[in-house]
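Visitor: Sharing a structure here in structure tokens format.
Read-outs throughout are calculated quantities, based only on the coordinates presented, and are distinct from any laboratory measurement. The shown structure was predicted, so the numbers you read here are calculated from the model rather than taken from an experiment. Glycine also receives a Cβ, built like all others from the backbone with ideal geometry; neighbour counts cover every protein chain displayed.
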Amino acid sequence: MKLTKNEKGQIQECLKQYVSKFPSQNKAAQSLTGTSSATVSSILQGKWENISDDMWRNLASQLGTTSGNDWQVVETKAFQEMNLVMKDAQAVRNVTWIVGEAGCGKTTTARLYAAENSEVFYILCSEDMKKSDFIREIARRIGQRTEGYSIRELLDRIIDDLIQMQAPLLLFDEADKLPERVFHYFIDLYNRLEDKCGIVFFSTSYIKRRMTMGLRYNKCGYNEIHSRIGRKFYELEPTAPHDVYAICMANGVTDKSHVSEVVKDAEAYDFDLRRVKKNIHRVKVMQAQTAVK
């Protein structure tokens, strides 16, 4: 489907907000994949004739732009806790490792905080990341050119950029998935950014087991990382029935029987918010079909 002028206008507005968080338009463009400074400039200036719908969609997916039926994020207890931790880390440049079960809203909260605050950079980690992938992803996120530099040179450029910022914050999502050799890069990052940049890690409770085993067998780097996070993980409050109720209300499911149905189902699946979202969508589809009849 072709995008409407209104949809393109929404993406343009989100792009303006995104660019405003960087020291230059060029750095903002460097942080986006599959686009260029010229394309970003054309969109911001309203010169859309040569911009393909695929490019618009590419930008929309990276900027988090959605249609008018977008999902309403609710401030659950875990959401509030994560925001407090991120604000604190950014303000006083400390390091915290947040632990919460799958489906409690870690990724959504981290992405939203990065989208709404300047000098905050979200990095999604994965188990197949190499050292070069890891460093290049950080560089790209902060708006650095990655071509033509060695990994050591890129790391130096990342550090130089971050320490010149007023209140930089790095958010590493699914950090427990990183392989050992990349995991050790956290030590180097911390040592060079201590008291200069806030760092928050997000993961499931698997990291506690991994850390325990690493410390028990004196694996390289684990004691250093454990020390740098204060030898303690920040464990999130689990999602509760009242959180699911609030999510239902905010997203248009207000009928008592339907709300009870969603809450009951969530309870059976450890209050996984992905499950909640799927069920709310199902209820709304059923409501729409009933209304048509």
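Visitor: Taking the range 129-159, which GluC sites (Glu not before Pro) meet the DSSP loop condition and have no more than 14 other C-beta atoms within 10 Å? Mind dumping the intermediate values first?
Guide: Working: sites: Glu137, Glu147, Glu153; in loops: Glu147.
The qualifying sites are Glu147.
Visitor: With N residues in the range 143-293, what two-decimal value do you get for its Cα radius of gyration over 2.2 N^0.38 Å?
Guide: Values: Rg = 22.1 Å, N = 151, 2.2 N^0.38 = 14.8 Å.
Computed over Cα atoms of the range 143-293, the ratio equals 1.49.
Visitor: Count neighbours as other Cβ atoms within 10 Å of each site's Cβ, and list the trypsin sites (Lys or Arg not before Pro) in the range 121-151 that are DSSP loop with at most 13 such neighbours.
Guide: On the way: sites: Lys130, Lys131, Arg136, Arg140, Arg141, Arg145; in loops: Lys130, Arg145.
In loop regions of the range 121-151 (DSSP not H, G, I, E or B), the sparsely surrounded trypsin sites (Lys or Arg not before Pro) are Lys130, Arg145.
Visitor: Continuing with the same structure: Tally Lys/Arg at +1 and Asp/Glu at -1 over every other residue whose Cβ is under 10 Å from the Cβ of Glu174; what's the total? Write out the running numbers ahead of the final one.
Guide: Values: positive: Lys106, Lys177; negative: Glu127, Asp173, Asp176.
Taking every other residue near Glu174 into account, the sum is -1.
Visitor: Can you compute the equivalent ellipsoid semi-axes for the range 77-235, i.e. the square root of 5 times each eigenvalue of the Cα gyration tensor, sorted largest first and rounded to whole Å? Don't jump to the answer; show the numbers that get you there.
Guide: Working: eigenvalues 96, 79, 42 Å².
Taking √(5λ) for each Cα gyration eigenvalue gives 22, 20, 15 Å.
Visitor: What whole-number distance in Å separates the alpha-carbon centres of the range 179-247 and the range 253-282?
Guide: Distance between centres, Cα-based: 30 Å.
Visitor: Which net charge results for the neighbourhood of Arg145, defined as the other residues with beta-carbon distances under 10 angstrom from its beta-carbon, given Lys and Arg at +1 and Asp and Glu at -1? The partial results should precede the final answer.
Guide: Working: positive: Lys27, Arg140, Arg157; negative: Glu147.
Neighbour charge sum, excluding Arg145 itself: +2.
Visitor: How big is D, in µm² s⁻¹, for the range 5-62 by Stokes-Einstein at 37 °C and 0.692 mPa s if Rh is the Kirkwood radius over C-alpha pairs? Don't jump to the answer; show the numbers that get you there.
Guide: On the way: Rh = 11.2 Å.
Diffusion coefficient, whole number: 292 µm²/s.
Visitor: On to the next question. For the range 140-201, just say rounded, prolate or oblate: build the C-alpha gyration tensor, square-root its eigenvalues into a ≥ b ≥ c, call rounded for a/c under 1.5, and beyond that prolate if a/b exceeds b/c, oblate if not. If you can, show how the numbers build up before the last one.
Guide: Numbers: a/c = 1.58, a/b = 1.10, b/c = 1.44.
Taking the square roots of the gyration eigenvalues as a ≥ b ≥ c, the range 140-201 is oblate.
Visitor: Given just the C-alpha atoms of the range 155-236, how large is their convex hull per residue in cubic angstrom?
Guide: Values: hull volume 7.8 nm³, N = 82.
Here the figure is 96 Å³ per residue.
Visitor: Let me test this: with uniform point scatterers at the alpha carbons of the range 218-288, what is the Debye-based log₁₀ I(q)/I(0) at q = 0.13, 0.17, 0.26, 0.27 1/Å?
Guide: Taking Cα atoms of the range 218-288 as identical point scatterers yields -0.49, -0.61, -1.11, -1.18.
Visitor: Let me ask you something else. For every other residue with a beta carbon closer than 9 angstrom to the beta carbon of Gln30, add +1 if it is Lys or Arg and -1 if Asp or Glu, then tell me the sum. Walk me through the numbers before you get to the answer.
Guide: On the way: positive: Lys27, Arg140, Arg145; negative: none.
With Lys, Arg at +1 and Asp, Glu at -1, the neighbours total +3.
Visitor: The range 178-223: which trypsin sites (Lys or Arg not before Pro) are DSSP loop and have at most 13 other beta-carbon atoms within 10 angstrom?
Guide: Numbers: sites: Arg181, Arg192, Lys196, Lys208, Arg209, Arg210, Arg216, Lys219; in loops: Lys196, Lys219.
Hits after loop and neighbour filter: Lys196.
Visitor: Which one is right for this structure if Kirkwood radius over Cα pairs in Å is calculated from it: (i) 24.2; (ii) 21.0; (iii) 20.0?
Guide: Entry (ii).
Visitor: At 1.567 mPa s and 4 °C, plugging the Kirkwood radius over alpha-carbon pairs of the range 1-126 into Stokes-Einstein gives what diffusion coefficient in µm²/s? Don't skip to the end; give the middle numbers.
Guide: Details: Rh = 16.3 Å.
In µm²/s, the coefficient rounds to 80.
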